[in-house]
Every structure is written in structure tokens, then in C-alpha cells.
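Quick note: the coordinates plus some simple rules give every number you see, no bench work behind them. Given the structure is predicted, the values throughout are model-derived calculations rather than measurements. All Cβ positions, glycine included, derive from the backbone under ideal geometry; neighbour counts span all protein chains shown.
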Amino acid sequence: MPEYKAPLRDMRFVLNEVFNAGSLWESLAGLQGAVDMETAEAILEECGKIASQVLAPINRDGDENSSTWENGEVTAAPGFKDAYQTYVEAGLNGLGGNPDFGGMGMPKTLVAQVEEMVQGSNMAFGLAPMLTAGACLSLNAHGSQELKEKYLPNMYSGVWSGAMDLTEPHAGTDLGIIRTKAEANADGSYDITGTKIFITWGEHDMAENIIHLVLAKLPDAPAGPKGISLFLVPKFLVNEDGSLGERNAASCGSIEHKMGIKGSATCVMNYDGAKGWLVGEENKGLACMFTMMNYERLGVGIQGLGVAENSYQNAVAYARDRIQSRAPTGAVAKDKAADPIIVHPDVRRMLMTMRAFNEGGRAFSTYVASFLDTSKYSDDAEQAKHAEQMVALLTPVTKAFMTDVALESAIAGQQVFGGHGFIREWGQEQHVRDLRITQIYEGTNGIQALDLMGRKIVGTNGSLFKLFEQDVNDFVAAQAGNEAAAEFIEPLKAAMENLADLTQWVIDQAQSNPNEIGAASVEYLHTFGYAAYAYMWAKMAVIALPKQDDSFYKAKVETARFYVKRLLPRYIGLTATVKGGSESLYGLTDEMFETA
Ligand SMILES: Cc1cc2nc3c(=O)[nH]c(=O)nc-3n(C[C@H](O)[C@H](O)[C@H](O)COP(=O)(O)OP(=O)(O)OC[C@H]3O[C@@H](n4cnc5c(N)ncnc54)[C@H](O)[C@@H]3O)c2cc1C
């Protein structure tokens, strides 16, 4: 039976030692009195228990039995409704929410750890609170006072859940061409008509009401992305006194049969003149969505990390138990017929790869979360702006790089199990199937790479990149006399110099051929990701180097070494690929792609 243990020791290391979260929180005006380390510790402990004792045990059940649809109603997968109750009663649902409306106002640096545990123990379940948090963020940032008072408290408490309705059958990446219509009523509400697909937890029986945030177009809206508005559409209308009224004309037409995250319901939502209320201004719906996208995209990266951590833990347990063949250097378990497979170099390569990506990813997501906190809670306008720019630059990297390496990790975790990794009862194949969607939804990883390369790098003529480069350079300069750390600092310097050169190279190429941006983007994002993780590993190694008497820190240093020697050099091949240019992508006419 697969198990999940919350990686609390490493979370404490990242929060307390690498990013000094306590000092960060104290320094931010908007977080004064909101959180201290004791509260943070209690939240982590509580969430760790719920993750391992409540959510992990129903993860496989959700995969085997999934959520079901009948006559428009969805029944959540077995055990999910009770688990949801436990989760919301523990107060975890509104953790990052606005305290003015019943949220707990906790910083993202802390919430990121909670998200990792929830997603890592049961990603299908974790999507429900994740979508609610996303809807709350948009509503809190752009909704009227009346809407916020009416909806946010019950959403933060989990009595009601949230869903995000963007995608339509013909429109996913390109939301500018959506067809869902909104028509104004005399009472200030709107009638919403159209079909949305792939709506995560769009219908279910875990919460009393479901609050949909729906993108739609007004009759005279401009064409394209500038003509989209955002509407709040509840499953049940809410009376003036807050009680539930009649059922809205919003119904679930069916749910999808899918590769993974089967415990979650992925819904077709039909709106037949459903009553909705405008969130933000008319035709500014996409901007409202962007408010929550940086949080959501980091959240998807964290989903990858969480599931990959789960896969790693089970792969280690298996590798220490399963015996096959002898170690190349001679028998280790002489009392047994063969040695545990963890002695073999290739098995260690897989485990070390997973560990290096996971711990690097935990640090990287917390690094980005610290900028989210600073941009939201600092009262220093310049500091907040700098943090916002860092978030803008790094968000596509967190979403795409973290999920790409998470899938690589989960496949390695499956491979460690040999044939048993392909068999359902061991749980490893579920991780691979569950993780795959993280590369696709919330903007495909290809689109993330385009966002990084096109808007954030070429679009700013490299100015956002310079902010990240400066941060790394400051760290490198501060380690100038630290000879023990040179084995981590020098490769980091080389990776950053290469990334800076490559950044300028793509900017130059893009002047004469716009195809160079899209051609370079995925491998550029990966080159960026490997350098960013080298930065994280160097930061962690500097802290761990003097403390190696303790095996936790010894393992940190050794994993940093593995990262630098065995994973970081991948950027050299990626750089060559980027420089291979776009021409070879266009050698074939569209017809020539046909093979029969
Ligand atoms: C399980 C699941 C849950 C989901 N949950 C939600 C949800 O809760 N709410 C919601 O609104 N949506 C949800 N989605 C939808 C998801 O966000 C979209 O599927 C995704 O954004 C991609 O859109 P698409 O499927 O229409 O693909 P398309 O947009 O058709 O893209 C197809 C391919 O073309 C590429 N492509 C498209 N345009 C470009 C371009 N300009 N340059 C380069 N490449 C391009 C894409 O990267 C992709 O590889 C979910 C989807 C799934 C499968």
C-alpha cells in the first residue's frame, strides 16, 4: 500500500533557513500580526496529518472508482465528501484568504507548503480547494463590496466551493474567441448563455453551493481578448439573508473520462440564461483572471512537486526492500540471495534525480512565493514593484519547468519499481497519469514558454531577466570568499552567464524573424529552469556545508553535488538546441507532414 509522509523537515529548512520566512513576514507591513513561526508550525503539522491520514488513504480509491454523473448531479469519489469536511473543519480552505471576509490571511510562502502536502497526497481532491482559492482571489481583487460580503465568507470556510469556467469546446488557449454570451438585466444582473467544457469540480456534492467564475461576452463587446467579461454564477441563487434560493439555470451536462486525476469531476457546464453578476469592469475579464493566474500557475507547479515527492518516497522504500542482483563492487546484503536494488548505480541515478528536482523545486516555489508575498504585502512601492516583476518573470518557469521535471521524476519513480511500476496496486503508475495534466491545463507548458520568451523576455527587451540575473549575481558576489562553496558557485556562475548570452541571442534573432521566439521558447525555459535550480541548490548548499555532522545537511550537500554534476550540464545541450533556430521547423509544407 503506497504511503505519503509530509516532508515537514525539508519544509522547515526551506522556510526557516533558506528564506528566513519569519523575518520576511515581520518585515512586510500587510502581514503585521498575521502570522508567526509558532502558528505556521501548527498549521504545517495539522496539514501534514490530514494529508497522510485522511487524503492519501483515499487517493487510490478515487482513481479506481472516480466521481460519477447521473441526471446532472455529480457524486464525488468515495471518501471525498468526508475528507472535504475534515479539511474545511481544520480551517485549511481559507488559509490565504482576506481576513476581512473570514480568510486567515496567511502568506503564500506558508500556503505553498500546505498546497504541496494536499496535492502530493491526493491531487484529484486537492483541485477542489485549489479552484476555490483561485475563484476567491479574483473575487476579492475585483468583485464589488456587495459580492465579496455575500460570497467570500462561505467560500473561505468551504461551505461553498468555487470553479473557474474559461474553456469552451472551440476555445482553450485562445480565449479571445469564446462564444458564451452575457445579456444585462434591468436589476443589474446578467443572463449567461453558453457551454463550458473541462470545468474542474464544476459540479459535485461536497459543498452546499458552487460559485462559478465564468468568462463571457457582452453583445456589443469588441472582438478578441479585449471583449471578455467575468461573471459570478452560483449553482444556487443566494437570497438577501444569505440562505440558498432556487437552482440557477446552470447544469452539468456530463463529466469526462480521463487519463488521471479521476477522483475529480471534469465537467461540461451548460448555461441556459443563468443569472450572473459582473466581477470587475465590463470587457476587463481577462485582466481579472490574470490576478489569480500567478497564484494558480505556481499552484500547478506545486501540484507537480507534491506528486513527484509522493512517488519518490515510495520509490525509496521499494528500492531499499526489493532485492535483485549483486552490487557491482561486491555483495552488500550477504545474508540475502541478492542485494537491495538501491545499490545499483542506475537506481541511485533515478532516486537522486527525483530528490534533486523535488528539493530544488520546493526551494524554487518558496522563492517565488516570497515575491508574491512581498508584492502583495509590502508598503514600499519600489520593493513591491520589483517583487511583482520577479513574479511575472518566474511564474511561467514555475508552472512549466516544475511540472516537466515532476513528470520525469514520476516516470523515474515508476521505473524503480520495474514491472510492478506498471501495475496499479503499487500506486506509481497513478502518479504518472495524474501528473500529466499539470503540463496541459492552466495554459499548456508550450504556452508558458511562449509567455516567458515572448512577453517577459523579448517583450521587455530583457529588462525583467536582468532583475533575476542581479539577484543571482548578488548572491554569487556575497559568496566570494567562501571556498568550500566554490564547487556550487562556479557552475552557477557559468550557467547564468550562458543564460544571459542566450537571452540576448534570442532577443537579437527575434528582430528579424518572429518564429525564433516560439522556436526557442521551450528549450529556453528549460535552460532558465536548470539555472534557477542551480541557484536554489547553491543557496541550500551554503547553509548545509558547515552542518554536515547532521545527516539531513550532509544529504543536502550531496544532493547539491549530484545536481551540479549530473543534472545542471543539461543546459549545454538545450542551449545548442535553441541556437539550432527555427528554420528546420519550417522545412516541410503542411501537406508534407502526412505520412500515408
Ligand atoms: C482535466 C482537465 C481539467 C481542466 N480544468 C479546467 C478548468 O477548471 N477550467 C477551465 O476553464 N479549463 C480547464 N481545463 C482546460 C485547459 O486549461 C485547456 O485544455 C488548456 O488550456 C488547453 O486548451 P485546449 O485544450 O483547447 O488546447 P488548444 O488551445 O487547442 O491547444 C492545442 C495545442 O496547440 C498549442 N497551441 C495553441 N496555441 C498556440 C500558440 N499560439 N503557439 C504555440 N502553440 C499553441 C497548445 O500548446 C497545445 O499543444 C481543463 C482541462 C483538462 C483536460
*Provide the per-residue ³J(HN,Hα) series for region 167-183, in order, calculated from phi with Karplus coefficients 6.51, -1.76, 1.60 and θ = phi - 60°, each as a whole number of Hz, with x at glycine and proline positions.*
6, 10, x, 9, 9, x, 4, 9, 6, x, 9, 4, 10, 4, 10, 10, 10
*Helix 285-321: angle to the longest alpha-carbon principal axis of the chain, degrees 0 to 90, nearest 10?*
40 degrees
_Whole-Å distance, taken between Cα centres, linking region 485-550 and region 66-109_ = 37 Å
*the chain: relative contact order in percent, alpha carbon pairs under 8 Å with at least 6 residues between*: 13 percent
*Does region 428-521 come out rounded, prolate or oblate, given a ≥ b ≥ c as the square roots of the eigenvalues of its C-alpha gyration tensor, rounded meaning a/c under 1.5 and, failing that, prolate meaning a/b above b/c?*
oblate
_C-alpha long axis of helix 108-121 to longest principal axis of the chain, angle in °_ = 80 degrees
*Listed highest first by mean packing, meaning other Cβ atoms within 10 Å per residue, what order do 287-294, 411-418, 131-138 come in?*
131-138, 411-418, 287-294
*Separation of the residue 145 and residue 239 label points, Cα + 7 Å toward Cβ, nm*: 2.5 nm
*Show which lysines lie in cross-link reach of residue 275 when reach means a straight Cα distance below 22 angstrom and same-chain residues fewer than eight apart are skipped.*
148, 150, 181, 196, 217, 235, 284
_Estimated [θ] at 222 nm from DSSP helical runs (n ≥ 4, -39500 (n - 2.57)) normalised by residues in the chain, nearest 500_ = -17000 deg cm²/dmol
*Taking GluC sites (Glu not before Pro) that fall in a DSSP loop and have at most 10 other Cβ atoms within 10 Å as cut points, what is the longest piece of the chain between them?*
241-593
*Under the Karplus relation 6.51 cos²θ - 1.76 cosθ + 1.60, θ = phi - 60°, what is the ordered set of whole-Hz ³J(HN,Hα) values for region 22-37, x standing for Gly and Pro?*
x, 5, 4, 4, 5, 7, 9, 3, x, 10, 4, x, 7, 8, 10, 5
*Filter the cross-link list 49/258; 226/466; 108/399; 376/539 down to pairs whose alpha-carbon distance in this structure exceeds 22 Å.*
49/258; 226/466; 376/539
*Scan around residue 279 for amide H atoms under 5 Å from its own, H built in the peptide plane at 1.01 Å from N, and keep only partners 5 or more places away or cross-chain.*
230, 231, 232
*Given the Cα-Cα distance of residue 247 and residue 444 and 0.36 nm per residue of separation, how much length would full extension add, in nm?*
67.5 nm
*Once the Cβ-Cβ distance between residue 323 and residue 9 is put in as r, and R0 is 35 Å, what FRET efficiency do you end up with, to the nearest 0.05?*
0.80
*Between exposed trypsin sites (Lys or Arg not before Pro) in the chain, where DSSP calls loop and at most 13 other Cβ atoms lie within 10 Å, what's the longest gap?*
337-596
*Label-to-label distance, nm, for residues given as residue 577 and residue 26 (7 Å Cα→Cβ offset)*: 4.5 nm
*Collect residues whose amide H, placed 1.01 Å from N in the peptide plane, falls under 5 Å from the amide H of residue 197; neighbours closer than 5 in sequence don't count.*
167, 168, 269
*Take the Cα atoms of the chain, find their three principal axes, and give me the spread along each one in whole Å, biggest first.*
79, 66, 60
*Report, to the nearest 10°, how far helix 381-416 tilts away from the longest principal axis of the Cα atoms in the chain, using its own Cα long axis and a range of 0 to 90°.*
70 degrees
*Estimated vicinal HN-Hα couplings, Hz - region 326-343 in sequence order (Karplus 6.51, -1.76, 1.60; Gly, Pro = x)*: 9, 4, x, 8, x, 4, 9, 9, 5, 7, 10, 5, 7, 8, x, 5, 5, 6
